[in-house]
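The values are calculated or read from the model by the stated rules, or taken from the named source; none is laboratory data. Fair warning: this is a prediction, and the values are worked out from it, not measured in the lab. Heads up, the Cβs are rebuilt from the backbone with ideal geometry, glycines too, and the neighbour counts pull from every protein chain shown. In case anyone asks, the SASA skips ligands and DNA or RNA and just uses the protein heavy atoms, side chains included. Shrake-Rupley method; radii C 1.70, N 1.55, O 1.52, S 1.80 Å.
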Amino acid sequence: MMHKPVDLRSDTVTQPTAAMRAAMQAAPLGDDVFGDDPSVNALQEKIAALLGFEAALFVPTGTQGNLCAILGHCQRGDEYIVGQQAHCYRWEGGGAAVFGSVQPQPLNHQPDGTLALGDIEAAIKPDDAHFARTRLLALENTLGGKLLPFDYVEQATQLAQDRGLGRHLDGARLFNAAVAQAAQTGSDAFTEARRIAQCFDSVSVCFSKGLGAPVGSALCGSPGFIARAHRIRKMAGGGMRQSGMLAAAAAHALDHHVVRLAQDHALAQRLADGLAGIDGLRVEAPQTNILFVDLTGAAKARSADLLRHLADNGIQATGLYRLRFVTHLDVDAADIDRAAAVVRQFFNG
Ligand SMILES: *Cc1c(COP(=O)(O)O)cnc(C)c1O
């Protein structure tokens, strides 16, 4: 029997819903390089207001949003403190160094994804000709699907502020963090998103991950900061024209796809439960929509076979010895149960 493929490689793989396509179709358009695309302007005002900032900039990718942010905070010869696993250090081609001559100062993460306050403190260089000028702390939330504890976010950003550093949040999955945090505090996702965002001077968010839009991110900050970021976006080739069609998809996602992220989180937990107790797998408890599963012992040698078995049965994931499954808008409980069954079949059969 043929099943529909279950693509758990990333939450970027979602297709726009019919309602989202209708919103895109209906969007009034202008030319955003002239600043007169009403749908882009509306989105920028909407995300800035939601997160408690005065200004925002629509950018084609999260990578470009982070680049505009780091170059907006730092000059040549400055440095930013960042985690070893942070997207804006490890997964963006070293763009801040390549395009901005901004040096990263990567730090190891603690098991919960945080950077130890003592490590941050120790990495801040004195004002001395030997050293790059430490100018920025960049955090990421969620990081690898982990929600940074809110009291940590407050302490780390307070430390940075006390030491005169700018503070940037790579919030590609800020709304996943907010939904998970809201479940802890009993508050709502939008309140928690704003609470997290307000610890920072700038925040980038992706619309094309769990929010389900086809393209786009936003960078939020003060008007002066966003004016600098706008110039950098232009240099990076990110000035788009009738981009209101894309902005309309993002606005639709903010209206309809934030609260439902809780379903993705529940599905990641459902998959974790479905894979529990298999000899040869160590299943990490998921906090949001990303599930990591390590192959252990003798199972490690069979990882290529496992991936082939998954692919043959229409289940897509990434990794080799550490598999990553990401839940999203386009998978449901039946898909997740089938994915778990396919993995079980491999180990039982
Ligand atoms: C996906 C992602 C980005 C940006 O990715 P793009 O593919 O450039 O949109 C940035 N940070 C994090 C944490 C991400 O997961």
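Residues that are within 16 Å of the ligand (Cβ to nearest atom) and assigned to a helix (DSSP H, G or I) within the range 242-264 comprise Leu246, Ala247, Ala249, Ala250, Ala253, Leu261, Asp264, listed in sequence order. Picking from residues in the range 62-80 that are more than 15 Å from the ligand (Cβ to nearest atom) and open to solvent by less than 20 Å² (accessible area, probe 1.4 Å), the one that is farthest from Ile120 (Cα to Cα) is Gly72. Can you tell me which of (1) farther than 17 Å from Asp201 by Cβ; (2) away from the ligand (no atom under 16 Å from the Cβ); (3) out of contact with any helix residue (DSSP H, G or I) (no Cβ under 8 Å at 6 or more places or on another chain) is the one Gln105 doesn't meet? With (1) farther than 17 Å from Asp201 by Cβ; (2) away from the ligand (no atom under 16 Å from the Cβ); (3) out of contact with any helix residue (DSSP H, G or I) (no Cβ under 8 Å at 6 or more places or on another chain) applied to Gln105, the lone miss is (3). The residue that is farthest from the ligand (Cβ to nearest atom), among those in the range 131-143 that are touching a strand residue (DSSP E or B) at 6+ places or on another chain (Cβ under 6 Å) and in a strand (DSSP E or B), is Arg133. The listed residues are Asp151, Asp119, Asp128, and the only one of them that is of a type in the set (Asp, Glu), modelled with pLDDT of 95 or more and under 28 Å from Gln269 (Cβ atoms) turns out to be Asp151. Taken together, Gln85, Gln105, Gln110 contain a single residue that is assigned by TED's automatic domain parsing to the domain that holds Arg194, within 22 Å of Gln158 (Cβ to Cβ), open to solvent by 50 Å² or more (accessible area, probe 1.4 Å) and not β-branched (Val, Ile, Thr), which is Gln110. Tell me which strands (runs of 3 or more DSSP E) are completely within the range 144-241 and hold 2 or more residues being charged (D, E, K, R) and open to solvent by less than 40 Å² (accessible area, probe 1.4 Å), or say none if there are none. Output list reads 166-171.
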